[in-house]
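*Asks:* Quick one: the structure is below, questions incoming.
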Amino acid sequence: MELPPRTPLPAGPVPTLDELCRRAAVRVGSPVALVSLVDEEGQALPGAYGLAEPWYTERWTPLTHSFCQHVVTSEEPFVVMNAHDDPLVSKNLAIMDLGVIAYAGVPLRAGEDGVVVGALCAIDHMPRSWSEEQVQELRTLSSEVTHELGLLIKQQG
């Protein structure tokens, strides 16, 4: 699958999505969690918890800093124990610039056709194994994120 065209939501913060990210980080024991909406130009981060500056304020990264793009293109969860050892992401600039070493992301779907538009992800700055229970926690929270995204799209429409 290809990346979708420009995301209809702003790249700025959305407090309800920030709170869902906080809950995700607590539930899986990670220092960072994000709601990432990926398109052909980059990824907007309307939800974030634990993200360092300037990224937390900017709420956007280019695809060179996106692990979430692999969730979107595969339409499946993407789990990385150690980014340095994963050939799909070992050269991704998020490793150096954002400290992404371990990553677990699940798809976020939008619209009636359920197109994957992004990911709810948890990030750690050191290698770690992600349990199936932790990935399931992200899946469970992703339904709440999807609901919130639907409300935002209706408000803008």
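*Asks:* With the condition kept exactly as written, say whether any residue in the range 84-91 is under 22 Å from residue 18 (Cα atoms) and either touching a Leu at 6+ places or on another chain (Cβ under 8 Å) or modelled with pLDDT of 95 or more (or both).
*Replies:* Among the residues of the range 84-91, not one is under 22 Å from residue 18 (Cα atoms) and either touching a Leu at 6+ places or on another chain (Cβ under 8 Å) or modelled with pLDDT of 95 or more (or both), which makes the answer no.
*Asks:* On the given criteria, is residue 71 among the β-branched types (Val, Ile, Thr) and in contact with a Gly (Cβ under 7 Å, 6 or more places away or on another chain)?
*Replies:* Here the answer is yes, as residue 71 does meet what is asked.
*Asks:* Sticking with this one: Give the range 19-57 a look and list any residue that's farther than 20 Å from residue 126 by Cα, modelled with pLDDT of 95 or more and among the small types (Gly, Ala, Ser), or say none.
*Replies:* Hits for the range 19-57 are 36, 47.
Residue-by-condition table, conditions (1) without any contact (Cβ under 8 Å) to a residue 24 or more places away in the chain; (2) under 27 Å from residue 15 (Cβ atoms); (3) in contact with a strand residue (DSSP E or B) (Cβ under 9 Å, 6 or more places away or on another chain):
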position: 26; (1), (2), (3): yes, yes, yes
position: 59; (1), (2), (3): no, yes, yes
position: 76; (1), (2), (3): no, no, yes
position: 81; (1), (2), (3): no, no, yes
position: 97; (1), (2), (3): no, yes, yes
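The values are calculated or read from the model by the stated rules, or taken from the named source; none is laboratory data. All values derive from a computational prediction rather than experimental measurement. Every residue, glycine among them, receives a Cβ derived from its backbone with ideal geometry; neighbour counts consider all protein chains shown.
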